[in-house]
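> Below you'll find the structure I mean.
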Amino acid sequence: MHEKDIFCKIVDGEIPCYKLYEDDDVLAFLDISQVTKGHALVISKRHYENFLSTPKEIMHKVMDVAQRIGQVDIKLLGAEGVNILSNCYPAAGQSVMHFHVHVIPRYKEGEGFEITMKNNAEGLNLPAIAGQIKENL
Ligand code: DGP
């Protein structure tokens with residue numbers, strides 16, 4: 001048994017949250033940091049380390065709820081866009097080691113949250129990289 005992380009404690013009702021959705025496998029609640037208004041987390045109730053190590057059936061259920069929350073953000077919360085994000089491992093910014101998907105409503109460009117996608121393609125051997133990934137899927 002692993003030591004309970006903060007999301008396991010939320011699942012078990014030991015830490016309160018603003019709950020948005022719950023079923024046997026999935027829990028959704030407001031992220032405490034509210035990067036933007038309505039910023040939500042969708043998690044698996046069972047402990048898995050992150051997106052990459054979660055069984056597909058559970059991962060699909062979590063993504064289904066993330067999609068539905070994103071649709072509500074656009075329809076009813078006034079968001080003009082939504083970012084769906086799942087950080088995997090600390091190198092990618094994962095701080096809670098329990099599978100979760102961020103649903104981040106976007107109201108104005110740059111408001112509270114920014115992803116900068118720089119073009120770093122120069123000098124990379126793209127056919128070799130594509131081949132390595134493709135051959136191992
Ligand atoms: P990440 O960096 O991707 O591992 O995101 C973890 C998120 O979890 C971060 O945005 C803040 C949120 N968080 C951490 N502790 C709590 C908590 O006790 N309650 C809630 N609602 N959110 C939390």
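> Go through the range 53-71 and give me each residue that's of a type in the set (D, E, K, R) and farther than 19 Å from Lys19 by Cα. Spell out how you get there, then give the answer.
Our first condition is that a residue be of a type in the set (D, E, K, R); within the range 53-71, this holds for 56-57, 61, 64, 68.
Of everything in the range 53-71, those that are of a type in the set (D, E, K, R) and farther than 19 Å from Lys19 by Cα turn out to be Lys56, Glu57.
> While we're here: Give me a count of the residues in the range 20-39 that are assigned to a strand (DSSP E or B) and over 18 Å from Leu76 (Cβ atoms).
Within the range 20-39, the subset assigned to a strand (DSSP E or B) is 20-22, 26-30.
Narrowing further to those that are over 18 Å from Leu76 (Cβ atoms): 22, 26-27.
Summing the residues that are assigned to a strand (DSSP E or B) and over 18 Å from Leu76 (Cβ atoms) in the range 20-39 gives 3.
> Search the range 21-35 for residues that are at pLDDT 95 or above and pair each with any residue that is surrounded by fewer than 13 Cβ atoms within 10 Å (Cβ to Cβ) and not acidic (Asp, Glu) when their beta-carbon atoms are under 7 Å apart and the residues are at least 6 apart or on different chains.
Phe29/Tyr18; Phe29/Lys19; Leu30/Tyr18
> Might you let me know whether the range 2-20 holds any residue that is buried (at least 20 other Cβ atoms within 10 Å of the Cβ), within 19 Å of Tyr107 (Cα to Cα) and touching a residue at least 40 places away in the same chain (Cβ under 8 Å)?
Among the residues of the range 2-20, not one is buried (at least 20 other Cβ atoms within 10 Å of the Cβ), within 19 Å of Tyr107 (Cα to Cα) and touching a residue at least 40 places away in the same chain (Cβ under 8 Å), which makes the answer no.
> Taking the condition of being within 12 Å of the ligand (Cβ to nearest atom) and touching a residue at least 12 places away in the same chain (Cβ under 8 Å), how many residues in the range 86-111 meet it?
14
> Right, another one. Going by the conditions given, is Lys75 farther than 26 Å from Glu114 by Cα and either more than 14 Å from the ligand (Cβ to nearest atom) or at pLDDT 95 or above (or both)? Explain how you work it out, then say what you get.
Working: farther than 26 Å from Glu114 by Cα: no; either more than 14 Å from the ligand (Cβ to nearest atom) or at pLDDT 95 or above (or both): yes.
In short, no.
> Would you mind telling me which numbered condition in (1) within 13 Å of the ligand (Cβ to nearest atom); (2) farther than 17 Å from Gly112 by Cα; (3) among the hydrophobic types (A, V, I, L, M, F, W, C) Ile69 fails?
(1)
> Counting only residues that are aromatic (Phe, Trp, Tyr) and under 19 Å from Ile32 (Cβ atoms), how many does the range 55-94 have? Spell out the reasoning first.
As a first pass, look at the range 55-94 and keep what is aromatic (Phe, Trp, Tyr): 89.
Among the residues that remain, those that are also under 19 Å from Ile32 (Cβ atoms) are: none.
Here the count works out to 0.
> Has the range 45-57 got any residue that is over 30 Å from Leu137 (Cα atoms) and of a type in the set (Ser, Thr, Tyr)?
At the first step, the residues of the range 45-57 found to be over 30 Å from Leu137 (Cα atoms) are none.
No, there is no match, as no residue in the range 45-57 is over 30 Å from Leu137 (Cα atoms) and of a type in the set (Ser, Thr, Tyr).
> Also: Kindly check whether there is at least one residue in the range 78-92 that is in contact with a Pro (Cβ under 7 Å, 6 or more places away or on another chain), hydrophobic (A, V, I, L, M, F, W, C), under 23 Å from Cys17 (Cα atoms) and at pLDDT 95 or above.
Within the range 78-92, the first condition is being in contact with a Pro (Cβ under 7 Å, 6 or more places away or on another chain), and the residues that meet it are 79, 82.
Within this subset, residues satisfying the condition of being hydrophobic (A, V, I, L, M, F, W, C) are 79, 82.
Narrowing the set further to residues that are under 23 Å from Cys17 (Cα atoms) leaves 79, 82.
After this cut, where a residue has to be at pLDDT 95 or above as well, the list is 79, 82.
Checked the range 78-92: at least one residue is in contact with a Pro (Cβ under 7 Å, 6 or more places away or on another chain), hydrophobic (A, V, I, L, M, F, W, C), under 23 Å from Cys17 (Cα atoms) and at pLDDT 95 or above.
> Name the residue that is modelled with the lowest pLDDT, counting only residues in the range 95-108 that are closer than 15 Å to Val35 by Cβ and out of contact with any helix residue (DSSP H, G or I) (no Cβ under 8 Å at 6 or more places or on another chain).
Lys108
The values are calculated or read from the model by the stated rules, or taken from the named source; none is laboratory data. Remember, predicted model here, so these are calculated numbers, not experimental data. Positions of Cβ are backbone-derived with ideal geometry, glycine not excepted, and every protein chain shown enters the neighbour counts.
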